[in-house]
Structure formats: C-alpha cells, structure tokens
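The values are calculated or read from the model by the stated rules, or taken from the named source; none is laboratory data. Note that the coordinates shown come from a computational prediction; the quantities given were computed from them, not determined experimentally. We place every Cβ from the backbone using ideal geometry, glycine too, and count neighbours over all the protein chains shown.
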C-alpha cells in the first residue's frame with residue numbers, strides 16, 4: 001500500500017470538488033478550496049478521524065468496501081476508482097455488467113433529486129447508494145452488508161423487511177422481484193454472481209422456489225408501491241426505473257401517485273427529515289447521500 005500517494009490523491013481530488021458538486025449547501029467560512037474532510041467522511045459513511053488518518057498517510061489499509069464508498073463520495077471516474085484500489089494494493093473491480101461503481105454522472109443526478117426519493121441499485125437489486133429522501137422513505141441501507149444489501153434476498157429471507165408494505169401487496173411485489181430476476185438471469189446466464197444468488201435464494205426460501213418454478217418474466221420498468229411509513233402513514237407512489245446503457249445499474253425514482261395525498265405526505269416527510277438532521281456546523285448540515 002502506497003500511503004503517501006493515497007493521501008495525496010485523496011487530498012487533491014477533495015480539493016477539486018465543491019459542495020454543489022455533491023449536493024451539499026455551500027456553508028460559510030471556507031478557508032480552503034474544495035470539500036472539507038468531515039464532509040467527505042460524512043458522504044462516505046465513515047468517521048472524520050478515519051478519513052483524516054488516510055490523508056495523513058496513517059492508519060490501516062482500507063477495505064474494498066471503504067474504497068468503494070470513497071470513490072462514490074469523491075465522484076471518481078472508473079479510471080480514478082481503479083487507481084485508488086491499486087494504491088491500496090487491492091485488485092480493481094472488473095468493469096463487466098456486475099460493476100458496482102456508481103459513476104459521477106449518476107451521482108450528480110441523484111444529488112439533484114433532493115426533493116425526490118431515489119436510489120441506485122444493481123440489476124440484481126443490490127442497493128449501491130441512496131439519497132436523503134429515499135432514506136427517509138424506506139430506511140437507511142448504508143450499514144447493510146453481504147446479501148442483506150439485496151432487495152430480493154431480504155424480501156424472501158427476512159419477513160420484517162415486508163413491514164413497510166401492506167400485507168395485501170406482498171404476493172404481487174414478491175412475484176415482481178422474481179420475474180425481474182428471471183429476466184436478469186437469462187440475460188447474464190453465464191455470470192457466476194447471478195447463478196449463486198439464484199441458487200442461494202432457491203435454497204433459502206420455499207416461496208421464492210415456488211415463484212421461480214412458475215417461470216414468470218418481466219423487467220421492472222414502472223411499478224406502483226404503497227409504503228406504510230411510521231410517521232406519515234400510507235404513501236402511494238409510482239416507482240420509475242431508469243436503466244444505464246448496459247443495464248448494469250438502475251436509478252429508481254419514487255414519485256407521488258396522482259389522485260392521492262402522497263405529494264402532501266412526502267412534503268411532510270421532507271420537513272420531518274429536516275428536523276432530524278445533524279446539528280449545523282460552519283453552515284453545513286447533515287444533508288448527505290447515504
């Protein structure tokens with residue numbers, strides 16, 4: 001691991017970004033260009049002390065999970081992300097369909113959707129990044145690890161994950177998960193990650209196995225979702241799916257369903273979320289991507 005090169009690389013890229021680039025308010029009393037260390041740490045979901053030690057050529061070698069979070073927070077291109085991994089003596093992730101790096105363009109779009117719930121997932125349903133409104137709407141996925149980061153895995157192995165949806169919608173939503181996964185499995189039939197994911201689900205859930213054997217296929221482009229929020233009640237949404245060109249990643253956007261009170265409830269949720277933000281310091285609050 002080249003600690004001095006890593007420190008220089010992180011510092012220079014941090015200084016090239018502005019708060020507006022990452023969806024943060026400008027704040028006041030900025031004595032140096034770019035983002036502050038605490039802002040990068042907040043965006044990456046780590047402590048300021050840990051990030052500071054990286055910029056000071058101290059501390060242990062970061063894990064690949066930490067590097068992925070830093071690459072997203074600092075809006076790295078694929079080449080910059082690979083360089084980051086190499087500096088820490090990790091193999092750079094492949095750039096095949098299963099690539100989990102969210103590029104700077106998608107991150108910029110996500111930051112601009114500050115009043116709309118949105119998230120980026122893989123074609124297997126792994127949550128890569130959420131914006132603040134999506135976290136307020138369905139909960140924070142930032143600390144989930146392993147298979148628990150995948151929507152379908154939690155749906156079929158953890159009954160509590162369905163609690164935010166009305167019970168009468170469970171069968172329809174479960175079938176949607178399986179039909180979409182069928183389409184992905186056919187498109188990527190030779191990919192080991194897809195084969196393993198389906199195999200584990202078939203072993204872990206009799207319900208999944210039953211739906212899988214029905215062989216329904218349907219790519220999820222647009223769907224309706226009713227969400228039971230503990231603070232504002234039932235919210236009727238339309239979930240629109242925007243695909244990246246190679247279909248490896250999907251940007252999900254949750255919009256209020258016309259003819260319902262969803263818009264008013266989402267506005268209320270936004271206000272409630274503002275009240276829950278971290279205390280302000282130097283004009284910057286905890287309005288961040290998770």
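Things worth noting here:
- You will find that of 124, 74, the residue that is touching a residue at least 40 places away in the same chain (Cβ under 8 Å) and closer than 15 Å to residue 40 by Cα is 74 and no other.
- If you go through segment 195-222 and keep only what is at pLDDT below 90, touching a helix residue (DSSP H, G or I) at 6+ places or on another chain (Cβ under 7 Å) and under 28 Å from residue 93 (Cβ atoms), you end up with 219, 220.
- Within the set 31, 14, 61, the sole residue that is over 26 Å from residue 191 (Cα atoms), touching a residue at least 60 places away in the same chain (Cβ under 8 Å) and surrounded by fewer than 15 Cβ atoms within 10 Å (Cβ to Cβ) turns out to be 61.
- Set side by side, the residues 141, 134, 108 differ, and just one is in the same structural domain as residue 264 (by TED's automatic domain parsing) and at pLDDT below 85, which is 108.
- Across segment 208-236, the qualifying residues are those that are part of a helix (DSSP H, G or I) and surrounded by 17 or more Cβ atoms within 10 Å (Cβ to Cβ), and the one among them that is nearest to the chain's Cα centre (by Cα) is 208.
So that you can scan it fast, the table gives a plain yes or no per residue for (1) in contact with a helix residue (DSSP H, G or I) (Cβ under 6 Å, 6 or more places away or on another chain); (2) outside any loop (DSSP other than H, G, I, E, B):
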{"residue": "6", "(1), (2)": "yes, yes"}
{"residue": "20", "(1), (2)": "no, yes"}
{"residue": "26", "(1), (2)": "yes, no"}
{"residue": "33", "(1), (2)": "yes, no"}
{"residue": "46", "(1), (2)": "no, no"}
{"residue": "50", "(1), (2)": "no, yes"}
{"residue": "67", "(1), (2)": "yes, yes"}
{"residue": "80", "(1), (2)": "no, yes"}
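- Positions within segment 101-130 being assigned to a loop (DSSP other than H, G, I, E, B) and under 11 Å from the mean Cα position of the chain (by Cα), in sequence order: 101, 102, 125
- Residue match in segment 243-252 (condition: surrounded by fewer than 16 Cβ atoms within 10 Å (Cβ to Cβ), touching a helix residue (DSSP H, G or I) at 6+ places or on another chain (Cβ under 9 Å) and either farther than 18 Å from residue 168 by Cβ or in the same structural domain as residue 178 (by TED's automatic domain parsing) (or both)): yes
- Filtered by the rule that a residue be surrounded by 14 or more Cβ atoms within 10 Å (Cβ to Cβ) and either not assigned by TED's automatic domain parsing to the domain that holds residue 221 or not in a helix (DSSP H, G or I) (or both), segment 171-205 gives 188, 191, 205.
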